[in-house]
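**Q** Got a structure for you, written out below as structure tokens; questions coming shortly.
The values are calculated or read from the model by the stated rules, or taken from the named source; none is laboratory data. All of these numbers come straight from a predicted model, not from anything done at the bench. Every residue, glycine among them, receives a Cβ derived from its backbone with ideal geometry; neighbour counts consider all protein chains shown.
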Amino acid sequence: MDCCGTNNKDSYDLVIIGSGSAAFAGAIHAAELGKKVAMIERNTLGGTCVNVGCVPSKTLIRAAETIQRASHSRFRGVISKGVELDFATIIREKDRLVDTLREAKYQNVLRAHDSIEFIAGDASFLSDHEIKVGKRRIRGRYFLIATGASPYVPAIPGLQEVNYLTSTTAFELRQLPSSMAIIGGRYIALELAQLFQRMGSQVTILQRSERILPTEDPDISADLSRCLEDEGISIMTGVKLTRIEQGKEFTISYTMAGEDTQLSVEQLVVATGRRPNTVGLNLHKIDVELNHDGSIATDRYNQTSQPHIYGAGDVIGNPAFVYTAANEGKLAVANAFADSDDTTNNGPKTPRDYTTLPYVVFTDPQVAGVGLNETTAARQGIDVDVAKLSLDNVPRSLTARDTRGFIKLLREKGTNYLLGAAILAPEGGELLMEISLAIKYKIPITEIASMFHPYLTLGEGVKLAAQTFEKDVKQLSCCAS
């Protein structure tokens, strides 16, 4: 007897819809449990991260950073001569990297697992235990929906009549535009803005909110704005877009501070967030509940309103990171089979826990955070002490001639334990894990402040920031505690 009580070859222990990081993490774990798995994908194998997200964006960000460093020396004795840019070659190299990683991390993984069958096509539910893919009817004991998300396009007059770009199609350009407007002011918009500005486009950010990164603390937004503007990016906030037209160029009409204004640019990018991919799945037919934003509603075990159907990754909403998606995919499968009557995965279900989730915005300087910031602490009614250390107090930053940014640590008043951190620093994301571990395992702040941190590392800044709760580090000699 097979997994579903019939002899049908199209019956599986687990059916996964999607093929990104959440899908693969779930499929691999199910294979390790000895389960028969079907993976359904309607587009390109590998999902957002490797194809159109993390991998292409971060390699282009590094290329743009190379241009910036070659053209703008921070040392008076190093004379910058500039660089010659071959934009089309950079894009081709990006494409090669994407192809290589898709092959290594997705296609080869499938080949290594005989119990995982890949099926190309659109999936839609016929009943709560059966889906249709092309002419095939596929039954599953459990389902994992991991269909990801796609760029969200807001309703702006004229936008649907023009050939705008998204964060996906912007990476497909073969010619660098002379000018570009980006609608949006959160992490995707800012990463795009800086990389194109550094490559030679004149970039304007049009943000509806009164500041960029509106969920971050105001000092993060203000200092990052100054850094981006210093590189020539125009940042317009509090913008209401009224119409978009396209002739030889895009003409964008908007209102800001009560004044009507127009902007003409060669290219227009819409980077206003992402929307979960649920259209066409027929979830209403099987009573799978959705949240108000269209994401699939799940409990803390990643279980939907149908007990045998789970969700993972961007399709269930924020946090929308590749590493949380992978964690959710594996967690969902573990919880599904922990719920079953077999003996392969006996044990209690495990809830997802993001109380110490680190994240990074890959601008330069980077925005990095974990736990609570001042904004979220105030929202939760938690009274905090804040230690804020500007990078001109960190020897590594001084010797690198780059003191942009700061390290900010939070503790609850009357305690010796960290609640969170907000960082703005070049390579600031590399500082997060020490802080994350300190929060998770309740390492006292005084221990961090007294531990050995190698001199002339950026990590020493964490020690100095921890000391700042009790001391003025300006009054200390080098390496003094």
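**Q** Given the condition touching a helix residue (DSSP H, G or I) at 6+ places or on another chain (Cβ under 8 Å) and within 30 Å of Thr304 (Cβ to Cβ), answer yes or no: does some residue in segment 128-141 qualify? Please lay out each step first, then the result.
**A** Here is the first cut: in segment 128-141, the ones touching a helix residue (DSSP H, G or I) at 6+ places or on another chain (Cβ under 8 Å) are 128.
Next cut, within 30 Å of Thr304 (Cβ to Cβ) only: 128.
Checking segment 128-141: at least one residue is touching a helix residue (DSSP H, G or I) at 6+ places or on another chain (Cβ under 8 Å) and within 30 Å of Thr304 (Cβ to Cβ).
**Q** I'm checking my understanding of the structure. Among residues of segment 410-425 that are of a type outside the set (A, V, I, L, M) and surrounded by 18 or more Cβ atoms within 10 Å (Cβ to Cβ), which one is farthest from Val384 (Cα to Cα)? Write out each step before concluding.
**A** Pass one, segment 410-425, residues of a type outside the set (A, V, I, L, M): 411-417, 420.
Filter again for surrounded by 18 or more Cβ atoms within 10 Å (Cβ to Cβ), leaving 411, 420.
Working: Arg411: 5, Gly420: 10 Å.
Ranking the qualifying residues of segment 410-425, first place goes to Gly420.
**Q** So which residues in segment 325-340 are in a helix (DSSP H, G or I), out of contact with any Leu (no Cβ under 7 Å at 6 or more places or on another chain) and either of a type in the set (Phe, Trp, Tyr) or surrounded by fewer than 24 Cβ atoms within 10 Å (Cβ to Cβ) (or both)?
**A** Ala326, Asn327, Lys330, Ala334, Asn335, Ala338
**Q** Here is a further query. Given the condition in a helix (DSSP H, G or I) and modelled with pLDDT of 95 or more, answer yes or no: does some residue in segment 230-241 qualify? Write out each step before concluding.
**A** From segment 230-241, those in a helix (DSSP H, G or I) are 230; that's our starting set.
This time we only want the ones that are modelled with pLDDT of 95 or more, so: 230.
Yes; the residues of segment 230-241 include at least one that is in a helix (DSSP H, G or I) and modelled with pLDDT of 95 or more.
**Q** Right, something else. Using the structure shown, decide if Leu409 is closer than 28 Å to Ser477 by Cα and either under 21 Å from the mean Cα position of the chain (by Cα) or part of a loop (DSSP other than H, G, I, E, B) (or both). Even if it seems obvious, please write down each step before you answer.
**A** On the way: closer than 28 Å to Ser477 by Cα: yes; either under 21 Å from the mean Cα position of the chain (by Cα) or part of a loop (DSSP other than H, G, I, E, B) (or both): no.
Criteria not met by Leu409.
**Q** Restricting to segment 273-320, give me the number of residues that are in a loop (DSSP other than H, G, I, E, B), on the phi > 0 side of the Ramachandran plot and of a type outside the set (S, T, N, Q).
**A** As a first pass, look at segment 273-320 and keep what is in a loop (DSSP other than H, G, I, E, B): 273, 277-282, 287-289, 291-295, 297-302, 304-308, 312, 317-320.
Next cut, on the phi > 0 side of the Ramachandran plot only: 273, 280, 282, 287, 294, 302, 317.
Now drop any that are not of a type outside the set (S, T, N, Q), which leaves 273, 280, 287, 294, 317.
Here the count works out to 5.
**Q** Then there is this: Here is a list: Thr403, Thr415, Thr399, Thr457. Which entry is without any contact (Cβ under 8 Å) to a residue 24 or more places away in the chain, within 29 Å of Arg226 (Cβ to Cβ), outside the structural domain of Glu216 (by TED's automatic domain parsing) and not aliphatic (A, V, I, L, M)?
**A** Numbers: Thr415 fails: within 29 Å of Arg226 (Cβ to Cβ); Thr399 fails: without any contact (Cβ under 8 Å) to a residue 24 or more places away in the chain; Thr457 fails: without any contact (Cβ under 8 Å) to a residue 24 or more places away in the chain.
It is Thr403.
**Q** While we're here: When you look at Glu447, is it in contact (Cβ under 8 Å) with a residue 12 or more places away in the chain and part of a helix (DSSP H, G or I), yes or no?
**A** Numbers: in contact (Cβ under 8 Å) with a residue 12 or more places away in the chain: no; part of a helix (DSSP H, G or I): yes.
Considered against the rule, which asks whether it is in contact (Cβ under 8 Å) with a residue 12 or more places away in the chain and part of a helix (DSSP H, G or I), Glu447 comes out as no.
**Q** With a cut-off of at least 2 residues that are among the acidic types (Asp, Glu) and at pLDDT 95 or above, name the strands (runs of 3 or more DSSP E) lying wholly within segment 65-183. Full working, then the answer.
**A** On the way: elements: 116-120, 123-127, 130-133, 136-145, 149-151, 179-183.
In segment 65-183, there are no strands (runs of 3 or more DSSP E) which contain 2 or more residues that are among the acidic types (Asp, Glu) and at pLDDT 95 or above.
**Q** Restrict the check to segment 81-103 and report whether at least one residue is under 19 Å from the mean Cα position of the chain (by Cα), within 30 Å of Ile131 (Cβ to Cβ) and not charged (D, E, K, R).
**A** Looking through segment 81-103, at least one residue is under 19 Å from the mean Cα position of the chain (by Cα), within 30 Å of Ile131 (Cβ to Cβ) and not charged (D, E, K, R).
**Q** Which condition does Ser436 not pass, out of (1) touching a strand residue (DSSP E or B) at 6+ places or on another chain (Cβ under 9 Å); (2) touching a residue at least 40 places away in the same chain (Cβ under 8 Å); (3) closer than 24 Å to Cys478 by Cβ; (4) assigned to a helix (DSSP H, G or I), if it passes all the others?
**A** Single failed check for Ser436: (3).
Residue by residue, here is whether (1) within 20 Å of the chain's Cα centre (by Cα); (2) farther than 24 Å from Asn373 by Cα; (3) modelled with pLDDT of 95 or more holds:
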position: Val288; (1), (2), (3): no, yes, yes
position: Asn318; (1), (2), (3): yes, no, no
position: Thr324; (1), (2), (3): yes, no, yes
position: Ala336; (1), (2), (3): no, yes, yes
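**Q** What do you reckon, is Ala449 among the small types (Gly, Ala, Ser), closer than 24 Å to Ala64 by Cα and surrounded by 20 or more Cβ atoms within 10 Å (Cβ to Cβ)?
**A** Working: among the small types (Gly, Ala, Ser): yes; closer than 24 Å to Ala64 by Cα: no; surrounded by 20 or more Cβ atoms within 10 Å (Cβ to Cβ): yes.
No; evaluated as a whole, the condition is false for this residue.
**Q** For segment 219-261, give me each residue that is over 21 Å from Val153 (Cβ atoms) and in contact (Cβ under 8 Å) with a residue 40 or more places away in the chain.
**A** The answer is Asp219, Ile220, Asp223, Leu224, Cys227, Leu228, Glu231, Ile233, Ile235.
**Q** Among the residues in segment 49-63, are any loosely packed, with under 14 Cβ neighbours inside 10 Å, within 25 Å of Val361 (Cβ to Cβ) and without any contact (Cβ under 8 Å) to a residue 12 or more places away in the chain?
**A** Yes.
**Q** Using the structure shown, decide if Ile40 is within 19 Å of Arg139 (Cβ to Cβ), in contact (Cβ under 8 Å) with a residue 60 or more places away in the chain and either in the same structural domain as Val109 (by TED's automatic domain parsing) or surrounded by 18 or more Cβ atoms within 10 Å (Cβ to Cβ) (or both). Outline the logic, then answer.
**A** Working: within 19 Å of Arg139 (Cβ to Cβ): yes; in contact (Cβ under 8 Å) with a residue 60 or more places away in the chain: yes; either in the same structural domain as Val109 (by TED's automatic domain parsing) or surrounded by 18 or more Cβ atoms within 10 Å (Cβ to Cβ) (or both): yes.
So Ile40 passes the test.
**Q** Can you confirm whether Phe118 is aromatic (Phe, Trp, Tyr), more than 30 Å from Ile182 (Cα to Cα), assigned by TED's automatic domain parsing to the domain that holds Ala31 and surrounded by fewer than 20 Cβ atoms within 10 Å (Cβ to Cβ)? Explain how you work it out, then say what you get.
**A** Values: aromatic (Phe, Trp, Tyr): yes; more than 30 Å from Ile182 (Cα to Cα): yes; assigned by TED's automatic domain parsing to the domain that holds Ala31: yes; surrounded by fewer than 20 Cβ atoms within 10 Å (Cβ to Cβ): yes.
Yes.
**Q** Restricting attention to segment 18-37, which residues are part of a helix (DSSP H, G or I) and among the β-branched types (Val, Ile, Thr)?
**A** Applying the first criterion (part of a helix (DSSP H, G or I)) to segment 18-37 yields 21-32.
Once the filter is applied, which keeps residues that are part of a helix (DSSP H, G or I) and among the β-branched types (Val, Ile, Thr), segment 18-37 yields only Ile28.
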